[in-house]
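The values are calculated or read from the model by the stated rules, or taken from the named source; none is laboratory data. Just so it is clear, the model here is predicted, and its values are computed rather than measured. Because the Cβ atoms are built from the backbone with ideal geometry, glycine has one as well, and the counts that use them run over all protein chains shown. Keep in mind that these areas ignore ligands, DNA and RNA; they rest on the heavy atoms of the full protein, side chains included. Shrake-Rupley method; radii C 1.70, N 1.55, O 1.52, S 1.80 Å.
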Amino acid sequence: MVYSLPTVEKEAVALSHFPTKHQAFIFRACEYVPMEKIAKVLKTDIDNVRQAAEDMGLPDYDPKNVWMKRGYVTIIRRMWHILPYEQLLELLEMDEEELAIIMRDEDFLNIKLENKPRCERVEWRELSEEEKIRTREIKKVMQSLDFSGKHPFEFEYNVPTIEFAGEERFSTRMIYAFSGLYQHAFDVDSEEFLPDEQLKAYQDLGINGIWTQGVLSQLTSFPFAPEVSKGYEKRLEKMRAMTKRLDKYGIKLYLYLNEPRSMPIEFFKNHPELKGHVSGEDACLCISTQPVQDYLKDAVESICRAVPLIGGFFTITRSENLTNCYSHSGGEFNPCNCPRCKERNIGEVISETVGCILEGARRVNDDIKVMAWSWRWDEYNGEIIRKLPKGVILMSQSELDIPFEIGGINGSVLDYSMSIIGPGERACAEWDLAKECGLEIGAKVQINTTWEASTVPAIPVASSIDDHISKLKRQGVRHLLLSWTLGGYPCRNIAVAAKHFYEKCSIASIDNSISEAEKQFVKAFSEFPFHVYVLYCGPQNAGPSNMLFERATSYKATMTCFAYDDLESWRSIYPIDVFESQFEKLCQKWEIGLNMIGENDDSEGAVMAKAAYCLFKSSLNQIRFIRARDEGRFADAVLEAENELAIARQMLTLMNKNAAIGYEAANHYYFSKGQIAEKMINCNYIIDYFSKA
């Protein structure tokens, strides 16, 4: 194996709300895969699985194959604490290498999941009498729920009519496709995940670019180990076909590159001359060597020749991925250990990496755009910007280093903020320097949603969006990256930003029914306890899908995946009392806006506002529950579990109205209807447990 799976570590969390482990597996799996496959994994017959599902009152999910194609990350996450690797691979119909590649390249899935919990093999067995009694309680809950309405992946796009005229104010208006595939975008026909309805909605909104990840070794021949690139020719064909489809709607494809990708130490036994900075069990392909430079240039050139309609590339050179020798090193506390690059400065190495991508593109077409994102350039930003080759577009996240004071706590924004909007002084300074160096400038922003509430695809704060894009226009920004993997939902929020795309814009039918309430939501959102670790670790993304635990799990929250009950990580820089108080203020002020909408308003904006409230109120419930549990205040723990039960029920109702709720492209369905139903079972178990304490 070239890549390895996460190691197996401590015991999985107990799913005490299920009588048996195999019932937990069946309950979760029935939503995503056919019963025949479940029976095969359990090594039992389908009648046993069907009877178990009926005994628990599961609805007729009829999953077909859509989840395996477009929701496999959801399946992996839901099975992480249930199945050992052997059974997980059998369920997914993958070998270890395939799963390892997904873990490595699916937007840091290995980091999001962290090490694999230790799980015993799940086997079918008959239930005891006590287990049958508990199973009937599960059925009672399930039969009380309504799963009608929108089915998963039944996305609808209600966008206003817009007419643009005059000169472009922003020449690049790029977004991540709402239903885009991150790892497998070029392994299937684009029609499977990017329907014409979505493309037409983007065209109507003035979007002229869609981006997705590109891994060079999967799109071109990797000269140092050609076996890694198996199937790259077919992926290029899929990419070329995708760009032809996009072209019909005036949209270009952009690839996000993290290159050159590091390789396991083992790889360098045959290629010691390429070995650069070593970090853990991996080492960089050293950009200071001619073969690696040639590889980058030739790979980009070959993509551009094979896909002549490609719009361009953007690159992050100091991301979570280990790439060039200074991607994870620099400074006295973490010096570069590459024998070549340590003799060079960081500006030279980073600019040379970007320059190789630019040269590869320029060999084919001068109009292909290459953008260098300054993410994590930190104190080296001036040094790097001054060395960037002419023709590169300098991109900065607009909110970079904006100072804030929330609840008496001071901090600064790094990224992913809609509660605090840019542009900040740091971003403006980078853009000013870039303009002095003769470079065009771009901004990365979030205009739909972000990790403050990622499972609601359009946070209704239109006035903030309007203000933000207007300021970027005045700053001279010409290129917009309008979302990371989250935030691509075609909706009213993008229409608000679109007012600034051209010299003139006429929006004939924008829905203003909640405009007054949105002003209140903006005020409420300012109370969000912002910090990057709150965004990544906090409960607000999982909301009411995050389980309650009768005792501390000892598991640490992971990046945008498992929040567990890790209140210490959730609160980040905030004292516990302040953290709880900020969510309380946020909820109270949000409720004022909801009261302005009306309970029966089912417009898209109203549904999004109600769903956002569910995330925030659930976060508050969970904070209070954990504090009550750990302090032995069991009556209070019961009260918060009851509050959480009500919020979960409300979220299920909203998911029936809009299938986009709970979905985010890189995490697929962060939570599904079945997961929310499980939370209600979990809440009932917790209420019973602490009522007896």
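One table, with the values for the structure above:
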| quantity | calculated |
| --- | --- |
| Per DSSP, loop trypsin sites (Lys or Arg not before Pro) in region 633-677 with at most 16 further Cβ within 10 Å | Arg633 |
| Gain in span if fully extended, Asn115 to Glu631, counting 0.36 nm per residue against the direct Cα distance | 182.8 nm |
| Column: log10 I(q)/I(0), Debye, Cα scatterers of region 312-374, q = 0.12, 0.18, 0.22, 0.25 Å⁻¹ | -0.34, -0.67, -0.88, -1.04 |
| In order through region 148-155: 3J(HN,Hα) via Karplus (6.51 cos²θ - 1.76 cosθ + 1.60), integer Hz, x for Gly, Pro | 6, x, 5, 8, x, 6, 8, 7 |
| Assigned charges on the beta-carbon of Lys, Arg, Asp, Glu; region 307-456 dipole about Cα centre (debye) | 560 |
| Percent of alpha-carbon pairs separated by more than 18 Å within region 383-529 | 59 |
| Gyration tensor over alpha-carbon atoms, region 447-575, equivalent ellipsoid semi-axes in Å | 33, 15, 13 |
| DSSP-defined antiparallel bridges as percent of all bridges, region 283-422, nearest 5 | 35 |
| Fraction of accessible area attributable to carbon and sulfur, region 292-393 (%, probe 1.4 Å) | 45 |
| Region 56-73 - phi-based ³J(HN,Hα) in whole Hz, Karplus 6.51/-1.76/1.60, Gly and Pro as x | 8, x, 5, x, 7, 5, 6, x, 6, 10, 5, 5, 5, 7, 10, x, 5, 5 |
| Cα long-axis angle, helix 515-525 against the chain (0 to 90 degrees, to the nearest 10) | 90 |
| Dimensionless Rg over Rh [region 110-249; C-alpha; Kirkwood] | 1.15 |
| Antiparallel bridge percentage (DSSP; both residues within region 180-325; nearest 5) | 35 |
| Given charges at Cβ of Lys, Arg, Asp, Glu: the chain dipole, positive-most of Trp80, Ile681, Leu358 | Leu358 |
| Spacing of the two label points (7 Å from each Cα toward its C-beta) at Ile46 and Asp189, in nm | 2.7 |
| Spread of Cα-to-Cα distances over 5 Å intervals beginning at zero, given as percent, for region 544-637 | 2, 12, 20, 21, 18, 11, 9, 5, 1 |
| Amide proton proximity set for Met395, modelled H, under 5 Å, gap of 5+ | Ala372, Trp373, Ser374, Gly442 |
| Tilt relative to the chain, helix 576-597 - C-alpha long axis, 0 to 90 degrees, to 10 | 90 |
| Burial ranking of peptide ranges 48-59, 488-499 (average Cβ count within 10 Å, highest at the top) | 488-499, 48-59 |
| Unit charges on C-beta of K, R, D, E only; dipole of region 136-191, Debye | 500 |
| Spherically averaged projected area in nm², based on the convex hull that wraps the Cα atoms of region 144-215 | 7.5 |
| Of Ile465, Ala635, Leu654, farthest towards positive along the dipole that unit charges on Lys, Arg, Asp, Glu beta carbons give the chain | Ile465 |
| With every protein chain in place, region 608-693: carbon and sulfur % of accessible area (1.4 Å) | 52 |
| Within region 263-327, GluC sites (Glu not before Pro) in DSSP loop having at most 12 other beta-carbon neighbours inside 10 Å | Glu281 |
| Peptides 592-603, 201-212 ordered by average Cβ neighbours within 10 Å, highest first | 201-212, 592-603 |
| For region 610-693, the spread of Cα positions along each principal axis, largest first, Å | 40, 22, 19 |
| Computed magnitude of the charge dipole of the chain (debye, nearest 20; Cβ of K, R +1, Cβ of D, E -1) | 740 |
| Sorted peptide list for 522-531, 138-147, criterion being average Cβ within 10 angstrom, highest first | 522-531, 138-147 |
| Radius 11 Å from Cβ of Gln183, net charge of other residues (Lys, Arg +1; Asp, Glu -1) | -4 |
| Spatially proximal lysines relative to Lys40 (Cα-Cα < 26 Å; intrachain offsets below 8 disregarded) | Lys21, Lys64, Lys69, Lys116, Lys132, Lys139, Lys673 |
| Semi-axis lengths (Å, descending) of the ellipsoid that matches the C-alpha gyration tensor of region 253-325 | 25, 14, 9 |
| Estimated FRET transfer efficiency (Asp146, Arg474; beta-carbon r; R0 30 Å; 0.05) | 0.05 |
| Bridge type composition, the chain - antiparallel percent by DSSP, nearest 5 | 35 |
| Cα Rg over Rh - region 433-501, Kirkwood | 1.02 |
| Accessible area of the chain divided out per residue, in Å², using a probe of 1.4 angstrom | 36 |
| 20 Å binning of all Cα-Cα separations within the chain, expressed as whole percents from 0 upward | 18, 52, 28, 2 |
| R0 of 45 Å, Cβ-Cβ distance Lys435-Lys244: FRET efficiency to nearest 0.05 | 0.80 |
| Nearest-ten-degree value, helix 604-630 long axis tilted from longest Cα axis of the chain | 70 |
